[in-house]
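Asker: Sharing a structure below in structure tokens format, with a few things to ask.
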Amino acid sequence: MSASPATRKRSIDAEAQPPRLLGSLSRWIALCLIVVVTIVFFSVATEDWFTIVNFTLIAAIASLGLNILSGYAGQVSLGMAFFMSIGAYTAAVLGGTPPTTPLDPLGLGLSFLIWLPASGIVAALVGALVGPTALRLKGFYLGIVTLALVFIGNYIFMNARGVSGGPQGRTFPVPAIGDFSFDQQNTILGITLTSGQQFFLLILPVLVLSALFAGNVMRSRAGRAFKAVRDNEVGATVMGVNLFETKMGAFILSSFLAGIAGALFASFSRYVIPNYWSLALSIEFVAAIIVGGIASIWGSILGAAFVFGLPLVIDQFSLLPVGSSSGGLSSGDLNALIYGVLIIAFLLFEPGGVIGLARRGQALLRKRNSHGGEGGEAAEITDLPSSAGTYVDMENPAVTKGEET
Amino acid sequence: MSDATEQHTKPAPLLSVEDISVRFAGIKALTDVSFQVLPGELFAVIGPNGAGKTSLFNVLSRVYQPVAGRVTFDGHDLLLLKAHQAVRIGISRTFQNPGQFPTSTIMDYMLLGRHTRMRSGILAGGLYLGMTRNEEKKNRAYCLHLLDLLGLKHLSNHTLGSLPYGLQKRADLARALALEPKLLLLDEPVAGMNLEESEDIASVILDIKEQLGVTQILVEHDMAVVMGIADRILVLDFGRVIAQGVPAEIQANPDVIKAYLGEEFESGAVYSSETMPIPIDDSQ
Amino acid sequence: MAYFIQLVFAGIALGCIYALIGLGFTIIFKASEVINFAQGSLLLVGAYIVSAGVYEWHLPFLLALLLGIIITSCIGLLFERFALRRMIGRPVFSILMITIGLDIVLRTLVIARWGSNPIPAATPFQFTSGFTIGGVHFGADELWTIIVTVLVCAALYYFFRFTKYGLAMRATAIDQEAALAMGINIRTVYALAWGISAAIATVGGIFLAINVVAIDPTLGNIALFAFPAIILGGIDSVSGAVVGGIIIGLAVVVTAGYESHFANILGAGFHEIAPYLLMILVLLIRPYGIFGTRKVERI
């Protein structure tokens, strides 16, 4: 060998840096662009646009949750709407205006600093209760049980007037700092912020923090365990992955995000009826992660933009001709048709979603530029390195056991 | 309990399998199988198709629960443990078909091998605390070293699925080693390889034994490899043990010859490793 | 007491509908291990075509029924041929989702053509036909539902037991590779499975339509109850589909019949979740359903 084991070790250690979030110049540039676009948007957009973007960002938080559970950990779930409703009604009970008549729904009037995190925590606890079923049931069975949750949740909330306001629904609390309530225009430190802007300033950081957290999980030990369980459960256990911990963790994290998203959605909409948390809503989230990209952080966000944001944009600008009453689709139905077709198309041709398409494009470009180093060429194995006995002692990395060359 | 106390010349066995029987779906996969593996030994399990070799591995890696019998590993009652717990006490296994995780990069696959040696959970990982950061760095370095030893370092960013079969098997072996196991279960490590590749892997296996002192159990069909490197061999047929011993004994054993070749060859002719016929390949 | 018997009868009839829908589902699953979430909307399309056939195109009922069966079978066959074939080997999640995609597309296409408002269901029966014994009315439509279900089950039994293609399908369900090795044309088997399944779904859909008198695009949602039925029975068991269907049908109708008595505890709509609660209960004890078989894990 040309290099001594010690030198080889040093050079290998240098290579051993885990991939960094902002590792390359292109990523820094992208980040700056995003920041600039965000600032510009914040300054010039109209209230209507804020509504669209805020809904999309909230949907992105929930999509992220679903992607963690189904995309990364491979657990089939049609129960997103259920967990969102748990979060929403937790927020309502903790933060809603205290009832003035016996017919009013419950509310403790607490601050959003309490009800927002609580919505996630309570949803996570419910997720922890559901999690163990994923250990007994897999695939289709799990999917139908999560579907059952949506219907059972509907039944509970339709009947629990005190919590949900019954079939006609209830108002949900709005975040407030002191006297400044987010549902009105407020002037803070001389700057006037509209309601949409205030919500934006709350929702965006929640999404960014969630995305960073999720991304970190996926590039660490727990995330690798998720993916192993998705790809082959039994194989994963044989490599040492604790199925119970992993699946529970996925359910808890995913439901936490769903709860937060549900609370934010209800708060932003101000008034929601229990029927809103339907199977169709759950399916929309599954469509979002398929279209955007399974097991991808950006894919969750893009997918939410497509499935939730685009119809709002279309409605906003009346891009669609209005249908006749006997035949013809509402914009909601047309949107459903489009993402139904897209689900089929993406699953057949590009299971990686839009992100997958982007990656393929990137790879194609890179291939043109580089010398075509396609993975898979059989390495030239002339001989194993003669320092085959060198064994790194993890407790004491400076010492190598075994023979030296 | 076991006979270990009587063996004052040999060390206590690392693995002691007593009378295990496995049944499922009306099939008797294993019946009354007993054997012991000594520390540092290279122990091979051979047998015709359907003999129960993979079932045996599945019991040891805790995928199957036998209906009878006892297994003791390193002082632990193995049958009380689940698969991931068995990994924690040092049992590592390669896959017969290494393509189980095709979208994983080699490095991520290796890090999965290190799963039980690392500690970050979801919270620590999500916040990417110092502990997580250090853990990632140290373990990546370790995995790169291991890959380097096996000549795979340059492929660490390639996905498992993009590699040819031989390299997948090699990467799987690296992943199983990354655990720093006490017992390594090798499931047909040279299946589907040509002579050169088989010799490479065989020499890696010997290195693991001689340089690292890891105990290994090998299930294999390639007789040249088995006879060439194994210390002792167990022969299974229809779920039962039909012979145990050193390679020379096994090759001369008439029951073994009958199991592989049928009645006509029972006359007891001695076969050397060069003339031992190649058994029919699995169509599993 | 008469009330209870009335409910039981209605429950069995509804259960037969779920049994038919579930049977269609189980046949596809046994043949190709595919979970067809679109069973509900295939049924919806069938029901709409039959209604359109009778009321828009003025066809006799049986001809409209035949048309419905043919069209839904074709949709199933085309979907299998051009979409599902490409999904072989993909994870369950993906296959489940692609059938959900089909479900969405079919439902919205129905809305596009016929709108969201209810249209009358085609029925060959008079509303008041049937007979009454001891205060219990046995409606003709319900009687026919039960009779047809029994006939379908008998026909399927005969088909699977005694005909060449039936045996081929059973062989494929047990072990595809072995079936291939024996010279069975897997493609034909798949196509047959989808064709038969769609046909049975349509028949079930017709009876469901007759049951609800007016159909709208949410008909597929009622078909959703077929899922707890088959899961409770075991998704790979034909008898499970039938038993599960009947249990669910009884559960829905009997709970609906008595829930007004418990309104202060249970509130409204309990019968809509009774099937799911039953399903969860059964799954806790037997994760593969009453008659389902446990897969042996191997690596």
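Since every read-out is calculated from the coordinates, none of them should be taken as a lab result. All of these numbers come straight from a predicted model, not from anything done at the bench. Here Cβ is always computed from backbone atoms with ideal geometry, including for glycine, and neighbour counts include all displayed protein chains.
Asker: With 30 Å as the limit, write out which pairs from B:LYS82/B:LYS138; B:LYS169/C:LYS30; A:LYS247/B:LYS182; B:LYS53/B:LYS169; B:LYS138/B:LYS169; A:LYS138/B:LYS53 have Cα-Cα distances beyond it, or answer none.
Answerer: Violating the 30 Å limit, Cα to Cα: B:LYS169/C:LYS30.
Asker: Please get the size of the charge dipole for the stretch B:67-199, origin at its Cα centre, with Cβ charges of +1 on Lys and Arg and -1 on Asp and Glu, quoted in debye to the nearest 20.
Answerer: Once rounded to the nearest 20, the dipole reads 580 debye.
Asker: Moving to a separate point now. For peptide A:145-154, what's the mean number of Cβ atoms from other chains within 10 Å of each residue's Cβ? Write out the running numbers ahead of the final one.
Answerer: On the way: counts 6, 0, 5, 11, 2, 1, 10, 5, 1, 3.
That works out to 4 on average.
Asker: Moving to a separate point now. Ignoring the sites themselves, what is the longest stretch of chain C with no trypsin sites (Lys or Arg not before Pro) in a DSSP loop and at most 14 other beta-carbon atoms within 10 Å? Can you show the working numbers first?
Answerer: Working: sites that count: C:ARG294, C:LYS295, C:ARG298.
Within chain C, the longest run free of exposed trypsin sites (Lys or Arg not before Pro) spans C:1-293.
Asker: Also: Any idea what the dipole of the stretch C:183-299 comes to, in debye rounded to 20, about its Cα centre with Lys/Arg Cβ at +1 and Asp/Glu Cβ at -1?
Answerer: Dipole about the Cα centre, nearest 20: 500 debye.
Asker: Counting other beta carbons within 10 Å of each residue's own, what order do A:SER331, A:SER70 fall into, fewest first?
Answerer: Going from sparsest to densest Cβ surroundings: A:SER331, A:SER70.
Asker: What number, in percent, do you get for the relative contact order of chain B if the mean sequence gap of Cα pairs under 8 Å and at least 6 apart is divided by its residue count?
Answerer: Taking the mean separation of contacting Cα pairs over the length of chain B, I get 24 percent.
Asker: Taking +1 at the Cβ of each Lys and Arg and -1 at the Cβ of each Asp and Glu, which of A:LEU202, A:TRP277, A:ALA363 sits farthest along the dipole of the protein assembly as shown towards its positive end, judged by Cα position relative to the Cα centre?
Answerer: Comparing the listed Cα positions along the dipole, A:LEU202 ranks first.
Asker: May I pose another question? By its C-alpha gyration tensor, with a ≥ b ≥ c as the square roots of the eigenvalues, how is the protein assembly as shown shaped: rounded for a/c under 1.5, else prolate for a/b larger than b/c, else oblate? Don't jump to the answer; show the numbers that get you there.
Answerer: On the way: a/c = 2.09, a/b = 1.34, b/c = 1.56.
Oblate, because a/c is 1.5 or more while a/b does not exceed b/c.
Asker: For a quick check: with amide H placed at 1.01 Å from N, whose amide H comes under 5 Å from B:ALA29's, ignoring anything fewer than 5 positions away on the same chain?
Answerer: Under 5 Å from the amide H of B:ALA29: B:VAL22, B:ARG23, B:PHE24.
Asker: Ranking A:LEU243, A:LEU103, C:LEU219, A:LEU69 by Cβ neighbours within 10 Å, fewest first, what do you get?
Answerer: Ordered by Cβ neighbours within 10 Å, fewest first: A:LEU103, A:LEU243, C:LEU219, A:LEU69.
Asker: Also, I was wondering about something else. Partner chain Cβ atoms within 10 Å, averaged over the residues of B:162-172 - can you pull that number for me? Don't skip to the answer; put the middle values down first.
Answerer: Numbers: counts 4, 5, 4, 0, 3, 6, 0, 0, 2, 0, 0.
For this peptide, the per-residue mean of nearby foreign Cβ atoms is 2.
Asker: Oh, and also: Determine the dipole magnitude for the stretch C:1-96: charges of +1 sit on the beta-carbon of Lys and Arg, -1 on that of Asp and Glu, nothing else is charged, the reference point is the Cα centre, and the result goes in debye to the nearest 20.
Answerer: 340 debye
Asker: What net charge do the residues around A:GLY352 carry, taking every other residue with its C-beta under 9 Å from that of A:GLY352, with Lys and Arg at +1 and Asp and Glu at -1?
Answerer: Net charge around A:GLY352: +1.
Asker: For the stretch B:64-126, state which trypsin sites (Lys or Arg not before Pro) are in a DSSP loop and have at most 13 other beta carbons lying within 10 Å of their beta carbon.
Answerer: B:ARG119
Asker: Can you work out ³J(HN,Hα) from phi for every residue in the stretch C:41-48, in order, using Karplus 6.51 cos²θ - 1.76 cosθ + 1.60 and θ = phi - 60°, giving whole Hz and x for Gly and Pro?
Answerer: 7, 4, 4, 4, 4, x, 4, 5
Asker: Another one. Please name whichever of A:PRO105, B:ASN194, B:PRO48 sits farthest to the positive end of the charge dipole of the protein assembly as shown, dipole taken about the Cα centre and charges placed at Cβ: Lys and Arg +1, Asp and Glu -1.
Answerer: Of the options given, the answer is A:PRO105.
Asker: Let me ask another. Viscosity 0.692 mPa s, temperature 37 °C: what is the translational diffusion coefficient of chain C from Stokes-Einstein with a Kirkwood Rh over Cα pairs, rounded to a whole number of µm²/s?
Answerer: D, rounded to a whole number, is 166 µm²/s.
Asker: Work out from phi, with θ = phi - 60° and the Karplus expression 6.51 cos²θ - 1.76 cosθ + 1.60, the ³J(HN,Hα) of each residue of the stretch C:147-154, listed in order in whole Hz, and give x for Gly and Pro.
Answerer: 4, 4, 4, 4, 4, 4, 4, 5
Asker: Please go through the stretch A:191-287 and write out the trypsin sites (Lys or Arg not before Pro) that DSSP classes as loop and that have at most 15 other C-beta atoms within 10 Å.
Answerer: A:ARG270
Asker: Using DSSP, restrict attention to beta bridges with both residues in the protein assembly as shown and report what percent are antiparallel, rounded to the nearest 5.
Answerer: 70 percent
Asker: Let me confirm one metric for peptide B:94-102, namely the mean number of other chain beta-carbon atoms within 10 Å of its residues' beta-carbons.
Answerer: Counting other chains' Cβ atoms within 10 Å and averaging over B:94-102 gives 3.
Asker: Further question: Find me the longest stretch of chain C that has none of the exposed chymotrypsin sites (Phe, Trp or Tyr not before Pro), where exposed means in a DSSP loop (not H, G, I, E or B) with at most 15 other Cβ atoms within 10 Å.
Answerer: Between exposed loop sites, the widest span is C:128-299.
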